[in-house]
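Below: the structure, in structure tokens.
The values are calculated or read from the model by the stated rules, or taken from the named source; none is laboratory data. Every value quoted in this text rests on a predicted model; they were computed, and no experiment measured them. A quick note on method: Cβ atoms are made from the backbone with ideal geometry, for glycine too, and the neighbour counts reach across all protein chains shown. Ligands, DNA and RNA are stripped out before the accessible areas are found, and what is left, the full protein with its side chains, is counted by its heavy atoms. Shrake-Rupley method; radii C 1.70, N 1.55, O 1.52, S 1.80 Å.
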Amino acid sequence: MAAGVPPDALGRRGCSGTDYGTVRYVGSVAPTAGIWLGVEWDDPQRGKHDGSYEGTQYFKCRHPKGGSFIRPNKANFGVDFLTAVKDRYGLNDKQDVQCGTGDVVVFGTKAVEFVGMDSVAEQQRQVQLNKLVDISVRECAVSHAGQEEEISRTCPNMRHINLSKNLISSWETVIAIASQVQNLETLNVSENKMRFPSTSTFTSSAFSNLKILALNQTEITWTEVLLCAQGWPVLEELYLSSNNITVLERSDNVLQTLKLLDLSDNQLLDGNQLHLIAQLPRLEQLILRNTGISSIHFPDAGFGCKTKMFPSLKRLAINDNKISQWSSINELDKLPSLRALQCSNNPFMDTEKNAETLIQLIIAKIGQLEVLNNCEILPAERRGAELDYCKIFGKDWLEAGGHWNPEKNKPSEEFLAAHPRYTTLCLKYGAPEEGELKGRQPLTLKNQLLTLTIKCPEKPEQKPVEKKLPESMTIQKVKGLLYRLFKIPGSELKLSYESSKLEGKEVELDNDLKPLQFYSIESGDCVLVRW
């Protein structure tokens, strides 16, 4: 092997300047003299060809312009872990000690009497490395572990390591580093394109305490995840974004402690792939952003029933996907523990032009939801959404066989499939009366005006006033109107409303930025003003 080329260079990761790649060929390239390295670059724009030159194929690339040849002296094959740590934290031989004049050594600004420069430097270095708990050597060209046991002797207190975007070529290198860290809890090895075991091998105890692992952009497959997971007995969070994972498999004996799984930016074959991970008993958060799924279905549960799949799932992210049917949103109500949902940028959201109505529909369809697209759902907002839902689809309910008399209430299977919660909402609020049915009316100003009575219960001298107000008017603007009526600054006004349907209860209008329709105020209701 030529000077400067490691004996195991083939298949290793390397970099040249700021460009990263994998060595696919080591040898001569006719008609030139000397040794060349054939590199498949991570960024195809750095390359020139597909691994062939002058009609000869020396290596293969996934991209037709992803490869090129470089001389060995242009390639950096990296450093060991501890060298990177010392360089990153200013603790190498050149940086940690400055020589003073005469018999003095200077550490920072403190002068110490000369007692043997090498021993003092080493003591200082060891003390500082001993204290390191959270270490980041991102982009430090780490390629191997170094001498056996040297890491454990030098950095015994490490618990959190960021090894992302280095030159690690295989999972064995990660094990070699981790096995020297006794209480490793967090490990990030993202952006290292490396080889993983393809068959079941000896399970290392290197990750016996590991709780958080990031393997984004490592080209790992789900099969390889399950093989490696045999060595992750207490893992709680696993990040696997951008790995071209398309197919999942059941994980019966591994990942049983997992609470968070991130599969974002992997193009799954279809939504049914999710059934294969649905039995993870402790999974609380599932991130499926931009995974290409177009539908979600839990076939083990019927209308109004809860699925046995994902029993602990509280938080689900399905934004940036291809979900086009509201039936998939209906299905999410079957998840027994779901509390938070992110679902923006899906085609089904384009079916409703009014953003406020869109949010109301989602809230009404998923009964236990508490957070939608990172916004908390307040009790008044849920109540308003569910009441409006009943009114909007009330005519459809009647036409499908619904009835105010429970004995005659027999809506069709088709209606129940489209509105699985409708019966539950009728039991909660009572079936909508015929005069309340909204249907999907055009959004004209006439349809949006509310006839409201304005009362000042603590000021009997103020006579009630009747006003027609747009349901889209914010509470802040209502206060502006009341200022003109009562000459009281809006900041001093406290508003609430009462309705015949609320049996004497008052609902506070406590958010100045929300419109009247947010609180489900209807014509005939009474707004109460206090100051």
Do you know which residues across the stretch 287-312 are closer than 16 Å to D333 by Cβ, of a type in the set (A, V, I, L, M) and buried (at least 22 other Cβ atoms within 10 Å of the Cβ)? I296
Qualifying residue in the stretch 379-395 (condition: surrounded by fewer than 18 Cβ atoms within 10 Å (Cβ to Cβ) and more than 30 Å from L513 (Cα to Cα)): yes
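Here's the yes/no breakdown for (1) out of contact with any strand residue (DSSP E or B) (no Cβ under 7 Å at 6 or more places or on another chain); (2) of a type in the set (D, E, K, R):
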position	(1), (2)
G231	yes, no
L258	no, no
D265	yes, yes
G271	yes, no
Residue under evaluation L187, criteria (1) within 25 Å of Y20 (Cβ to Cβ); (2) in a loop (DSSP other than H, G, I, E, B), criterion not met: (2)
Within the stretch 459-475, of all residues that are closer than 17 Å to N511 by Cβ and assigned to a loop (DSSP other than H, G, I, E, B), the one most open to solvent (accessible area, probe 1.4 Å) is S472
Quick check on my filter: what residues within the stretch 221-245 are assigned to a loop (DSSP other than H, G, I, E, B) and over 16 Å from the mean Cα position of the chain (by Cα)? T221, W232, P233, V234, L235, N244, I245
For residues in the stretch 476-525 being among the basic types (K, R) and closer than 18 Å to R383 by Cα, which is least open to solvent (accessible area, probe 1.4 Å)? K514
Among G34, G51, G90, which is the only one that is surrounded by fewer than 19 Cβ atoms within 10 Å (Cβ to Cβ) and under 39 Å from the mean Cα position of the chain (by Cα)? G90
Check E249, E172 and return the single one that is assigned by the TED database to the domain that holds A278, of a type in the set (D, E, K, R) and assigned to a loop (DSSP other than H, G, I, E, B). E249
Taking the residues in the stretch 68-85 that are open to solvent by less than 30 Å² (accessible area, probe 1.4 Å) and assigned to a strand (DSSP E or B) as candidates, determine which candidate is nearest to E40 (Cα to Cα). S68
Scan the stretch 267-286 for residues that are more than 13 Å from the chain's Cα centre (by Cα) and open to solvent by less than 30 Å² (accessible area, probe 1.4 Å) and report the count. 8
So, S496, is that one among the hydroxyl-bearing types (S, T, Y) and at pLDDT below 85 or not? no
Residue hits (the stretch 339-360; among the aliphatic types (A, V, I, L, M), in contact (Cβ under 8 Å) with a residue 12 or more places away in the chain and surrounded by fewer than 21 Cβ atoms within 10 Å (Cβ to Cβ)) are A340, I359
Only listed residue being among the hydrophobic types (A, V, I, L, M, F, W, C), closer than 17 Å to R530 by Cα, touching a helix residue (DSSP H, G or I) at 6+ places or on another chain (Cβ under 7 Å) and not assigned by the TED database to the domain that holds T357, chosen from L513, L495, L481, L469: L495
Being surrounded by fewer than 20 Cβ atoms within 10 Å (Cβ to Cβ), in a loop (DSSP other than H, G, I, E, B) and β-branched (V, I, T): is that true of T218 here? no
Report, by residue number, each residue of the stretch 227-245 that is at pLDDT 95 or above, closer than 23 Å to I293 by Cα and open to solvent by 10 Å² or more (accessible area, probe 1.4 Å). E237, Y239, S241, S242
In the stretch 54-67, residue farthest from P7 (Cα to Cα) [restricted to those that are assigned to a loop (DSSP other than H, G, I, E, B) and open to solvent by less than 40 Å² (accessible area, probe 1.4 Å)]: G66
Quick check: anything in the stretch 293-309 assigned to a loop (DSSP other than H, G, I, E, B), free of Cβ contacts under 8 Å to residues at least 60 places away in the same chain and on the phi > 0 side of the Ramachandran plot? no
Look through the stretch 12-39, keep the residues that are part of a loop (DSSP other than H, G, I, E, B) and under 18 Å from D50 (Cβ atoms), and return whichever of them is modelled with the lowest pLDDT. A30
Leading residue by the ranking (nearest to L235 (Cα to Cα)) among those in the stretch 313-324 that are part of a loop (DSSP other than H, G, I, E, B) and either among the small types (G, A, S) or open to solvent by less than 60 Å² (accessible area, probe 1.4 Å) (or both): L313
